[in-house]
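Okay, structure first, notes after.
The values are calculated or read from the model by the stated rules, or taken from the named source; none is laboratory data. All values derive from a computational prediction rather than experimental measurement. With ideal geometry, Cβ positions are generated from the backbone for all residues, glycine too; neighbour counts draw on all protein chains shown. Note: accessible area is taken over every heavy atom of the protein model, side chains too, but ligands, DNA and RNA are not part of it. Shrake-Rupley method; radii C 1.70, N 1.55, O 1.52, S 1.80 Å.
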Amino acid sequence: AENEPSWEKPCAELLVYVSTPGCNEFPSLDSKESYKLSVSKGSMLLWAETVWGALRGLETFSQLIGRDENGTYYINETEIVDFPRFPHRGLLLDTSRHYLPLRAILETLDVMAYNKFNVFHWHIVDDPSFPYESSTFPELSRKGAFNAMTHVYTAGDVRAVIEYARLRGIRVIAEFDTPGHTLSWGPGAPGLLTPCYVATVPSGIYGPINPIFNSTYQFVTSLFQEVSTVFPDFFLHLGGDEVDFTCWRSNPEIRAFMVEMGFGDDYKKLESFYIQRLLDIVSSLGKGYIVWQEVFDNDVKLRPDTIIHVWKENAMQYLKEMANVTRAGYRALLSAPWYLNRISYGQDWIEAYKVEPLYFEGVPEQKALVIGGEACMWGEYVDVTNLTPRLW
Amino acid sequence: HLTVIEPVAVLKASEVWGALRGLETFSQLVYEDDYGSFLVNESEINDFPRFAHRGVLLDTSRHYLPLKSILTNLDAMAFNKFNVLHWHIVDDQSFPYQSIYFPELSDKGAYSSNLVYTPTDVRVVIEYARLRGIRVIPEFDTPGHTQSWGKGQKDLLTPCYNGGQPSGSFGPVNPVWNTTYDFMTKFFKEISSVFPDEFIHLGGDEVNFSCWKSNPEVKEFMKKQGFRTDYTKLESYYVQNILDIVSSYNKGQMVWQEVFDHRAQLKPETVVQVWKASNYAHELSSVTGAGFTAVLSAPWYLDYISYGQDWKKYYSVEPLNFPGSEKQKKLLIGGEACLWGEFVDATNLTPRLWPRASAVGERLWSSSNVTNLQDAYKRLTNHRCRML
């Protein structure tokens, strides 16, 4: 009959050809992920420049396979030439608000691979807990994790994540967010955080990292030395978001420092002072960095190859921010419209899908600075019991 | 009544159902110390539910729910002292209930042949629930919400007309044909024997009149009955017949509020489920004011997810906050947390429903003065870990 598929002889093999072989490297921002897939009567061929492209092509190939009513697997003749629009396609997981067991992270990496994501942004520590087991500062997780035995990521765990990701062409970018979002660092690093004051007396509460002491920068140097070695990707995410100035303002030593430095009453200058030194430290360790948009908004002096992560969403204001960031010559990552933790009733995937990252006023050179985006699953209301159905 | 003292703790209840509730509480009293020993403090508890009907609605038509999901959910319900499973088993989208008298209903109406509830499956659910002190009230919603019924039962639904000709599409159950009532008589005979609970939910919500209005036979019937252009009268005519049928099988009936709102003649024992969110307190006054028993769901549509700690708004509902006499308030026998299935299946049912439904569970069991959110938060976080 006319409409019946014509069965050719069973296809047995997909030939994979990679022009630049090598399975031992780590993927990077510059990795080429394009591939060509050709399925015809005589042969099935997947061609890619790099293994990373081959992985993407294999994923597509697996999606082309159908199964008929008799259980026979089949595939249609196809010609596909494919490549990503954006090179940085990421997913953020937050393992501080709630600890996520290793299997949850690995399962997420699998699903990321099904969806051709290539960056795992690991927001590993924050205010509520410090699950990262540091070899240089073991007290950080001993005192800062929800449970130092059961709710930590050992060096082995971290290595497992990085390798599992690598085999799927996924980069792991760790975020050690400072100077805010660091309450859990305090118990394991006495003297690191700013003691807040009520009038002239310490209140017992702590604020962001104390930017005025040399010991702070010694600590930060040592920690990031370790982090730079543990995480092989060129980029580290340094955070820099939502720094609350109230505690700094209340502290007499800091107020004295502000006077000494001539910062007046502008605590953004103090924040910049800290961030600048942090960026210099990380640079000297041979790493590039990504920062949340406040660092750009607050006029910190940044290296030209800094990547700015745009996250603030307020009635499409993020498009203006994208324009500003790229006009200033920095590369930009978009997350603002993709905070998937903000659940709502119905088919909210449609709003996420409709986002057009380049829909802002700017010249082509600016638009070229948008390297991609990240879907964020912040962990305030998420743990292993609901992560997967909430995210996918 | 639970007394925990050395050397023997004693749980007394007048019926097994109370014993089950007491055992649940007892399990919550046991805790583990730092060395792994299990401890329980001396306690004296006298407990009883504030409301007698504490339900959860599951929808197995918008998405089929495998047996395992339903059973897991019954366990969770028992942890929260829920005692009614309102099984919204069929609807427009699919008919998974395998009927003995009318096998074509699920043969043609289920999503597929393996996405059905066989008589054994149904028995398993009922027994699993019974052992947990949970009643199973099935809902066979008519005359609206019945698209899937038409696949396996020809000439049940109303053919819609377009310009004098049948359009090919169908509307609600046809209320003018005798065959409709012959079918329902036989169908509800089966339902009455399969489901042992005293009550059956008959639905009656959201009936769209446009198809009826387009059909010449229906229009003719309206004229004959003197209903003129008031189709709520036709709806009530239909519903009254169904209430009679179900009543004749010695079953009580539950209906959605529209049946009351459209002034059908209800039986004295008919229970009205209030679900429309807008001004539900006023509806509760009307229903109980007319002397009918009511069950509240309006503020507890848990399928309406939103960001953050929405359990607090469910917890803060005070069901008796409606204008009415003491006598009226007694007619509100409880409530149901509803998890409609448009966006729910086995992959996300449990984390979506729980522990949010726990807030409803406490509101329906505990005394009206148990309202402190901070205290509830502490206990809810512990309870959640227990449930996991």
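Would you check if there is a residue in the range B:93-113 being under 18 Å from the mean Cα position of the chain (by Cα) and β-branched (V, I, T)?
So far as the range B:93-113 goes, no, none of its residues is under 18 Å from the mean Cα position of the chain (by Cα) and β-branched (V, I, T).
Within the range B:334-346, can one find any residue that is more than 14 Å from every other protein chain (Cβ to nearest Cβ), part of a helix (DSSP H, G or I) and touching a residue at least 12 places away in the same chain (Cβ under 8 Å)?
First, the residues of the range B:334-346 that are more than 14 Å from every other protein chain (Cβ to nearest Cβ): B:334-337.
Now restrict to residues that are part of a helix (DSSP H, G or I): none.
No.
Which number in (1) in contact with a strand residue (DSSP E or B) (Cβ under 8 Å, 6 or more places away or on another chain); (2) under 17 Å from A:L236 (Cβ atoms) marks the one condition that A:S134 misses?
Unmet for A:S134, out of (1) in contact with a strand residue (DSSP E or B) (Cβ under 8 Å, 6 or more places away or on another chain); (2) under 17 Å from A:L236 (Cβ atoms): (1).
Any idea which of A:G346, A:G373, A:G379 is within 14 Å of another protein chain (Cβ to nearest Cβ), of a type outside the set (A, V, I, L, M, F, W, C) and within 20 Å of the chain's Cα centre (by Cα)? Working first, answer last.
Details: A:G346 fails: within 20 Å of the chain's Cα centre (by Cα); A:G373 fails: within 14 Å of another protein chain (Cβ to nearest Cβ).
Going through A:G346, A:G373, A:G379 in turn, the sole match is A:G379.
When the residues of the range B:14-28 are filtered to those that are open to solvent by 50 Å² or more (accessible area, probe 1.4 Å) and among the small types (G, A, S), which remaining residue is nearest to B:N80 (Cα to Cα)?
B:S27
Looking only at the range B:52-75, decide whether some residue is crowded, with 20+ Cβ neighbours inside 10 Å, basic (K, R) and either in the same structural domain as B:V272 (by the TED database) or modelled with pLDDT of 95 or more (or both).
Scanning the range B:52-75, I find at least one residue that is crowded, with 20+ Cβ neighbours inside 10 Å, basic (K, R) and either in the same structural domain as B:V272 (by the TED database) or modelled with pLDDT of 95 or more (or both), so the answer is yes.
Within the range A:319-329, is there a residue that is more than 11 Å from chain B (Cβ to nearest Cβ), among the charged types (D, E, K, R), touching a strand residue (DSSP E or B) at 6+ places or on another chain (Cβ under 6 Å) and under 22 Å from A:F120 (Cα atoms)?
Of the range A:319-329, the ones more than 11 Å from chain B (Cβ to nearest Cβ) are A:319-329.
Checking which are among the charged types (D, E, K, R) leaves us with A:320-321, A:327.
Then keep just the ones that are touching a strand residue (DSSP E or B) at 6+ places or on another chain (Cβ under 6 Å); that gives A:321.
Narrowing the set further to residues that are under 22 Å from A:F120 (Cα atoms) leaves none.
Checked against the condition, which is being more than 11 Å from chain B (Cβ to nearest Cβ), among the charged types (D, E, K, R), touching a strand residue (DSSP E or B) at 6+ places or on another chain (Cβ under 6 Å) and under 22 Å from A:F120 (Cα atoms), the range A:319-329 yields no hits at all.
Restrict the check to the range A:232-242 and report whether at least one residue is among the hydrophobic types (A, V, I, L, M, F, W, C) and more than 16 Å from the chain's Cα centre (by Cα).
No, the conditions are met nowhere in the range A:232-242.
Taking helices (runs of 4 or more DSSP H) that fall entirely within the range A:236-353, which contain at least 3 residues that are of a type in the set (F, W, Y) and surrounded by 13 or more Cβ atoms within 10 Å (Cβ to Cβ)?
Values: elements: A:246-250, A:252-261, A:267-284, A:293-297, A:317-327.
It comes to A:267-284.
Determine whether A:V382 is farther than 20 Å from A:I173 by Cα, part of a helix (DSSP H, G or I) and modelled with pLDDT of 95 or more. Walk me through it before giving the result.
Working: farther than 20 Å from A:I173 by Cα: yes; part of a helix (DSSP H, G or I): no; modelled with pLDDT of 95 or more: yes.
For A:V382, the condition - farther than 20 Å from A:I173 by Cα, part of a helix (DSSP H, G or I) and modelled with pLDDT of 95 or more - is not met.
Just checking, how many residues over the range B:363-382 are away from chain A (no Cβ under 14 Å) and open to solvent by less than 40 Å² (accessible area, probe 1.4 Å)? Write out each step before concluding.
Filtering the range B:363-382 down to residues away from chain A (no Cβ under 14 Å) leaves B:363-376, B:378-379, B:382.
Adding the requirement that they be open to solvent by less than 40 Å² (accessible area, probe 1.4 Å) leaves B:363-366, B:376.
Number of matching residues: 5.
In this structure, does B:N80 turn out to be surrounded by 18 or more Cβ atoms within 10 Å (Cβ to Cβ) and over 29 Å from B:L243 (Cβ atoms)? Walk me through how you get there before you give the answer.
Working: surrounded by 18 or more Cβ atoms within 10 Å (Cβ to Cβ): yes; over 29 Å from B:L243 (Cβ atoms): yes.
The answer is yes for B:N80.
For the range A:360-377, which residues satisfy the criterion of being over 12 Å from A:M322 (Cβ atoms) and surrounded by fewer than 18 Cβ atoms within 10 Å (Cβ to Cβ)?
A:V363, A:P364, A:E365, A:A368
Could you list all residues from the range A:367-384 that are basic (K, R) and touching a strand residue (DSSP E or B) at 6+ places or on another chain (Cβ under 8 Å)?
Pass one, the range A:367-384, residues basic (K, R): A:367.
Once the filter is applied, which keeps residues that are basic (K, R) and touching a strand residue (DSSP E or B) at 6+ places or on another chain (Cβ under 8 Å), the range A:367-384 yields nothing.
Residues that are within 14 Å of another protein chain (Cβ to nearest Cβ) and at negative phi: does the range A:355-369 have at least one? Spell out the reasoning first.
Taking the range A:355-369 and keeping what is within 14 Å of another protein chain (Cβ to nearest Cβ), we get none.
The answer is no, given that none of the residues of the range A:355-369 is within 14 Å of another protein chain (Cβ to nearest Cβ) and at negative phi.
Examine the range A:66-74 for a residue that is modelled with pLDDT under 95, β-branched (V, I, T) and not assigned by the TED database to the domain that holds A:P337, and state whether such a residue exists.
Looking through the range A:66-74, at least one residue is modelled with pLDDT under 95, β-branched (V, I, T) and not assigned by the TED database to the domain that holds A:P337.
Where residues in the range B:240-280 are buried (at least 18 other Cβ atoms within 10 Å of the Cβ) and either more than 19 Å from the chain's Cα centre (by Cα) or of a type in the set (K, R) (or both), which of them is farthest from B:G204 (Cα to Cα)?
Among those residues, the one meeting the criterion is B:K251.
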